[in-house]
Each structure stands twice: as C-alpha cells, then as structure tokens.
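Presented below is the structure to which this report refers.
Just so it is clear, none of the values below were taken in a lab; they were calculated from the coordinates. Keep in mind that this is a model prediction, so the values were computed, not measured. Quick reminder, even Gly has a Cβ in these numbers, built from the backbone with ideal geometry, and neighbours come from all protein chains shown.
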Protein chains: 2
Amino acid sequence: MSTPLAHIVDDDEAIRDALTWLFRTKEVASAEWDSAEEFLAAWQPDWRGCIVLDIRMREMSGLECFDVLQERGNTLPVIFLTGHGDVPMAVSALKKGAFDFLEKPFEDNALVDVVIRALANDAKRQASQATQVSVTNHLALLTPREQEVMNLVLAGKFNKVIADELNISMRTVEVHRARVFEKMGVRSAVELAQLLAPSRDKGSGSSGEH
Amino acid sequence: MSTPLAHIVDDDEAIRDALTWLFRTKEVASAEWDSAEEFLAAWQPDWRGCIVLDIRMREMSGLECFDVLQERGNTLPVIFLTGHGDVPMAVSALKKGAFDFLEKPFEDNALVDVVIRALANDAKRQASQATQVSVTNHLALLTPREQEVMNLVLAGKFNKVIADELNISMRTVEVHRARVFEKMGVRSAVELAQLLAPSRDKGSGSSGEH
DNA sequence: GGCTCAATTGTGGTCATCCGCAGTGTGGAA
DNA sequence: TTCCACACTGCGGATGACCACAATTGAGCC
C-alpha cells in the first residue's frame, strides 16, 4: 500500500521544484516526474493521492497522458495546469473526468486547496471502495452452489421454494444458507441484503454520463 | 407531467429564432425565454428536458441564473452558450454541475448533439428517480411508530428485541411489521432491505464532490 | 487406498415469524 | 358526541428458520 502523494508531472524543472517546495510547506507529500512517459511507465493502479499534470510538455502532452491513464482505469483525481488553455480544452478535460483545470498564473493557495480537496476525494473514494473489495473477496469464498442458493435467498424465496427450484431437499438448502451467512460474516438475510445491495448492478457498466 | 423541452434562454431574438428553427429541424421540442428573470419566474421543479442558457444577457446573467436554479434544486441539464468565455468561468460552471459549455461560434450539429445527449441524460435520471420517489411516497404512508419498527427490523433485530427496546409487546411489533410490509408492497424483510438499500444515505446531503 | 471437501439428506427439536380472532385506550375530526 | 386512525395487547395455531447429531456419495489429491 502506497502513501498518498501529489504527483507533479511537468517537464519544467523550475516549476516542479517550486511546486514541491509549495507542497512541502503545506505538509502535502509529493513526487516529481519530468515527463508524461516516465510517469506512465511508473504508474500503478494502486497508487493513492492525486496527479498535477501540466498540459504543455515536450513529448506527450498532459491531455494525451490523461487519456492513457483513463484507459488504464486510473481513479486518481487529475488536476490540469496550463499556460494558455482554451475553453474547449478545459471543458473536454472536465467532462472526461478531470478534477480541476487551472490556468497559469494561479495563486499558490488556490492550487494547494484544490490538491487538498483532491487528496480528500481520493481518500474517501478509496475508503468506500475498500469495503466493496472486501465483500467481493468474501463472495469469492462461496462455492457455486452456495452462490446459487444465496441469490434465491436474496430474491426473498422460502427455503422450501429454493429446494424445489434446485431439486434438492430443504435440509440441504438450510446447510448452504448457513454456510453463506457464515462465510459472509452476517447473521441474517437482511444483513446480507444490505451488505450486497450497493454492489449489485445489473445494467451497463459505463462510467461517464456525458 | 410536462413534455421534455429544450428551454432556450437568450435575450437576443435572432439567436432564439435561429436555435428554435435548428431544433425544430432536428425534431427537438423547444421553448423560448427572452430573459433569465422570465424563465426563473415560470420555472417549475417538475419540468423535463434541458436548458440552453446564454451567459451574457442584459439583466441577470446566465451564470447567476444557473446559481438560482441550483439553489431551487433544479435537475435539468444546463448547457451554457457564451461569446467570450474564459477558462475559469467554464471550469467553475462545469464543476457546479453544468452539462456543457459551448463557445460561439459553434457548429449547429455540435449543439444539437449536446442537447440530445442532455435530453437523454435527463430522461434517464428521471426514470431512475421515479422509483426512488415511489419508495419515498410509500415511506411517507408509514406512521411514526411503523417507521421506528421498520428501522429496527432493517437493523436485523428480532421482534423480541425490538419489543424490548420500544417497551411494547411482541404482538404489537408483529402488527407494525406486517403493516410496514403491506404499505411498502413487499413480502419479506429481505425485499424491504433491497428496496431501501440504494436510498439509505446517512452522511452529508451535499450533491457535488468538488 | 486413505484423505479432504463439496454436496447431499434425514430426524427431532427450539425459536421466530406470520396471522386470525378479539379487545382496550386515546386523541382528533366531523 | 360519534367516528376513526393509531397504538397497544393476549391467545393459539400454522409455518418457516436454525441447529445439533448423524450419515452417504463423488471428485480430486498424496
């Protein structure tokens, strides 16, 4: 598990140093990358924190870097910095999920505020996703038959009906049911339903709404 | 129930007419408003569709109008049009929840595409919220005591325990419990938990994440 | 061939839920 | 005052859920 870092991606060393210094004075841990390529090569999906991304860089631009990150399933908030951004660029970036878009020159405090909000945002997202992952792991412990029974239990059916649908005895259903509760760490069907309710999507898996 | 309309809010009659004509050729129903004030005076929370909002107008600006709408709980997607927008303005609008931000001059087709996406977006949001509203309405039918019992049932507690906590008899709990199921249109605690799971927020009620 | 694990089933009993029947008390609306 | 919604209660029975004890079968593994 990595500590949350504000990743500064900029090919201008003077700016990187200034930002690093700025963040350090505000007690925000940061890391420096002098190109999008270098950053992308190092990037890991389990990194925490946020990304401060300059748009104009010598090789790959910040926008291209952002696209690659999104394809790879990045969840870190991305804050764009730009010297001469135009409106369509900013709109496009935000609609694609960027966290913020700042034009130079910006106030130091403004950037720090945004970064701190981004870090908080990521921490919250991370926390809410942790329980989700835990649930998925527990779910993986269930045998196929147990999952089958669990789904029917969650459909609100009686053991008798479940037994009938699966062509097994009621007693067997009871055993599976008990094992499901045990493995999932709950004590009743109600708790199970609440545990699984937020993670039960049957629709499309697309993330953006634009 | 109102039909979905693209509300054009602009004090320039020539532009309104052009947009109305444009939308009509694309079979998008629209309405015209020649000032933010007039639109706000007419606005109703149950309107469906989207809002095409010019930023620079004689009296109240589009941005101010947007703020008022957000305060009133507007859910319609808002598409900003502007002649000379700057990046901070666009970023601020989008972060506050605007659907899109277009600079003039824009392609007719680009605007129509955005409007159509906005209409689809609203329709989807509307549909998913309809069931939510239904649940809330059913919830409102419950007497205070019934809601109390329901919450304890959802906490996975036995009737016996609930009776104890409320200092009433088990039989009374059973009666309330049965009424809850009846009024909510479910047949078991599991169904109730699933029905209410997505709408159970205990945290802050803020809408934006920025 | 033993070993483990998943899946299966039965018996008998305890506890919880659900429900009909029957009744009391209170406060507000007609 | 009469009527009604709400909350409350007891009894007894039917049904469902849960559990300890006990056991069989088949698949995969050392």
**Report entry** Scattering profile of region B:41-151 at q = 0.11, 0.13, 0.23 Å⁻¹ [log10 I(q)/I(0), Debye over alpha-carbon scatterers]
**Finding:** -0.46, -0.59, -1.32
**Report entry** For the protein assembly as shown, calculated [θ]222 nm from helices alone, where every DSSP H run of n ≥ 4 adds -39500 (n - 2.57)
**Finding:** -17000 deg cm²/dmol
Query raised in the report: Considering only the label points, 7 Å along Cα→Cβ from Cα, what distances in nm to one decimal separate A:VAL68 from the same position in each other copy, shortest first?
Result: 4.8
Query raised in the report: Using modelled backbone amide H atoms (1.01 Å from N, in-plane), which distant-in-sequence or interchain residues come within less than 5 Å of A:ALA6's amide H?
Result: A:ALA29, A:SER30, A:ALA31, A:CYS50
Report summary line: Given the candidates B:VAL78, B:PHE23, A:ALA178, the one whose Cα lies deepest towards the positive end of the charge dipole of the protein assembly as shown, counting +1 at each Lys or Arg C-beta and -1 at each Asp or Glu C-beta, is A:ALA178
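State the antiparallel share, in %, of DSSP beta bridges confined to chain B, rounding to the nearest 5.
In chain B, approximately 0 percent of DSSP beta bridges are antiparallel ones.
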Query raised in the report: Most fluctuating residue of B:PHE99, B:PHE181, B:PHE158 in a GNM of chain B with Cα springs under 10 Å: which is it?
Result: B:PHE158
Query raised in the report: For chain B, what is the relative contact order in percent, using Cα pairs closer than 8 Å and at least 6 residues apart in sequence?
Result: 15 percent
Report summary line: Stokes-Einstein D for region B:78-210 (37 °C, 0.692 mPa s, Kirkwood Rh from Cα pairs), in µm²/s, comes to 176 µm²/s
Query raised in the report: What is the log10 of I(q)/I(0) for the protein assembly as shown, computed with the Debye formula using one identical point scatterer on each Cα and no solvent, at q = 0.07, 0.10, 0.11 Å⁻¹?
Result: -0.50, -0.92, -1.03
Report summary line: With the label set 7 Å along Cα→Cβ, A:GLN126 is separated from its counterparts in the other copies, in nm and shortest first, by 4.1
Query raised in the report: Axis carrying B onto A: which residue of B has the nearest Cβ, and how far, whole Å?
Result: B:ALA197, 1
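Identify the GluC sites (Glu not before Pro) of region A:81-165 meeting these criteria: DSSP loop state and at most 10 other C-beta atoms within 10 Å of the C-beta. Mind showing how you got there, number by number?
Details: sites: A:GLU103, A:GLU107, A:GLU146, A:GLU148, A:GLU165; in loops: A:GLU107.
Here the GluC sites (Glu not before Pro) that fit, given the DSSP loop and packing criteria, are A:GLU107.
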Query raised in the report: Hey, for B:ILE168 with labels 7 Å out along Cα-Cβ, what do the inter-copy distances come to in nm, ordered shortest first?
Result: 3.9
